[in-house]
Amino acid sequence: MKRNIITAALLATTFFGAATATANEPVWDANKVQLISEKLDDGVYAYYPSDAKELESKGLPVATSGGFIVGDKGVLIIDTMLNKRLNMQVQGMVKAEANKPIIYAVNTSSHGDHSYGNMYLPKETKIIQHQETQNYIDTHFEHDTKFMMQNFGKNRGIEEVLPTDADILVGDGGKITLDLGGKMVEIMDFGFAQTGGDLFIWEPESKTMWTGNPIVAVKPSLPWLLGGHLLETLESLQEVRAFLPDDATVIPGHGSPMTPDDIQWHIDYLEAVKTQVQAAIDDGLTLQETVAKVQLPEFTGYALRNWVHPGLNVPAAYKDLSAK
Ligand SMILES: [Zn+2]
């Protein structure tokens, strides 16, 4: 699994760096984002940026979203945000809605906007991560914070972030069930979905799932194959969709609550990339020719598409399918 992580870091530095260098400004500003919470059911809350619905409907990037689940014993939070400011907003929402101790925090991936806030949580909060996430943080933390400062800007609080160890680890294909006191929560690995350390959180009573980054937001946002592995990602997302009842609620990594049907857009896109890139390989096209040919105009509208699709996803698919 280590190869995935190294590829992810290289790809991310190359493409994300290149994409934002021209803009000279972060895609969203962690000093400005305001998070709001939405009650989905008894003790079940999503949180997301106050402008999420407006931005996502225009295909614009949205800051990180997450949620929290409240049981008799305490609260589990899903993702801990990029900096102290945003993490404190999350803790403030938990206090306002539940006023119970945060006993668990899950990181859906190693990405800083989902995990840097760990260090601001109370000492008694148990951090839950995938084994791969822990491995990545153990070996790449300094590189990762530099990369995040490059992309999210200096003076956004990333300078002071320190790595935190997980208290509970989920292994490959693993699943753990936690009892928050009258509230069960499942934390699952559906396979490689973006980083290889991707965790999905499921609250069965309200039928709510948090996906982290593998599902960015509603259409027209597109998946980012930061770690390559088109085929494994496609398979994992199909498994996630098959797992979900039609009336479930899905909280994506960067947007407001959506439906299981909204996941289909992402699956259809990856299927189309797979089919067309495979056809290009069969015709003997080079990577450059394939990028020029596989345009997929039916999947437009996402503001970051001009680098996500030709700069990241098509090359990742080309590499993955060429290796078969
Ligand atoms: Zn993210």
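Remarks
- Apportionment of accessible area to carbon and sulfur, the chain, percent (1.4 Å): 51 percent
- Shown in residue order for the range 113-118 are the 3J(HN,Hα) couplings computed by the Karplus curve 6.51 cos²θ - 1.76 cosθ + 1.60 at θ = phi - 60°: 6, 10, 9, 4, x, 3 Hz (x for Gly and Pro).
- Rounded to 5, percent antiparallel among DSSP beta bridges of the chain: 65 percent
- Amide hydrogen neighbours beyond the local backbone of Leu82, cut-off 5 Å, H modeled: none
- Residues whose amide H lies under 5 Å from that of Asp198, counting only those 5 or more places away or on a different chain, are Ala193; hydrogens are built 1.01 Å from N in the peptide plane.
- Summed over qualifying helices (DSSP H, 4 residues or more, each -39500 (n - 2.57)) and divided by its residue number, the chain shows a 222 nm mean residue ellipticity of -11000 deg cm²/dmol.
- Applied to the range 134-144, the Karplus parametrisation 6.51 cos²θ - 1.76 cosθ + 1.60 on θ = phi - 60° returns per-residue 3J(HN,Hα) values of 4, 4, 5, 5, 4, 10, 10, 4, 5, 4, 5 Hz, with x for Gly and Pro.
- Listed by chain and number, the lysines whose alpha-carbon sits under 26 Å from that of Lys183, ignoring those within fewer than 8 places in the same chain, are Lys39, Lys73, Lys95, Lys100, Lys123, Lys126, Lys175, Lys207.
- Estimated dipole of the range 171-324 in Debye, rounded to 20 [Cβ of Lys and Arg +1, of Asp and Glu -1, Cα centre]: 420 debye
- Close amide-amide hydrogen proximity is noted between Thr108 and Asp79, each under 5 Å apart and 5 or more residues distant or on a separate chain (H modeled in the peptide plane; Pro and chain starts excluded).
- DSSP beta bridge pairing in the range 183-305, given as percent antiparallel to the nearest 5: 65 percent
- Protection proxy ranking of 108-119, 137-148, 313-324 - average other beta-carbon atoms within 10 Å, highest first: 108-119, 313-324, 137-148
- Of the trypsin sites (Lys or Arg not before Pro) in the range 148-243, those whose Cβ has at most 14 other Cβ within 10 Å and which sit in DSSP loop: Lys154
- About its Cα centre, the chain has a charge dipole of approximately 740 debye under the convention of +1 per Lys or Arg Cβ and -1 per Asp or Glu Cβ, with nothing else charged.
- Averaged per residue, the chain has 40 square angstrom of accessible surface, using a 1.4 angstrom probe with ligands and nucleic acids left out.
- For the range 29-40, backbone phi angles converted through the Karplus equation (6.51, -1.76, 1.60; θ = phi - 60°) give residue-by-residue couplings of 9, 5, 8, 10, 4, 10, 8, 10, 10, 10, 7, 9 Hz, Gly and Pro being listed as x.
- Eligible lysines near Lys58 by straight Cα distance, threshold 17 Å, same-chain separation 8 or greater: Lys219
- For the range 148-232, a crude dipole built from +1 on the beta carbon of Lys and Arg and -1 on the beta carbon of Asp and Glu, taken about the Cα centre, is about 440 debye to the nearest 20.
The values are calculated or read from the model by the stated rules, or taken from the named source; none is laboratory data. Source: prediction; values computed, not measured. Cβ sites come from the backbone with ideal geometry, for glycine too, and all protein chains shown count toward neighbours. Just the protein is used for accessible areas: all its heavy atoms, side chains included, with ligands, DNA and RNA removed. Shrake-Rupley method; radii C 1.70, N 1.55, O 1.52, S 1.80 Å.
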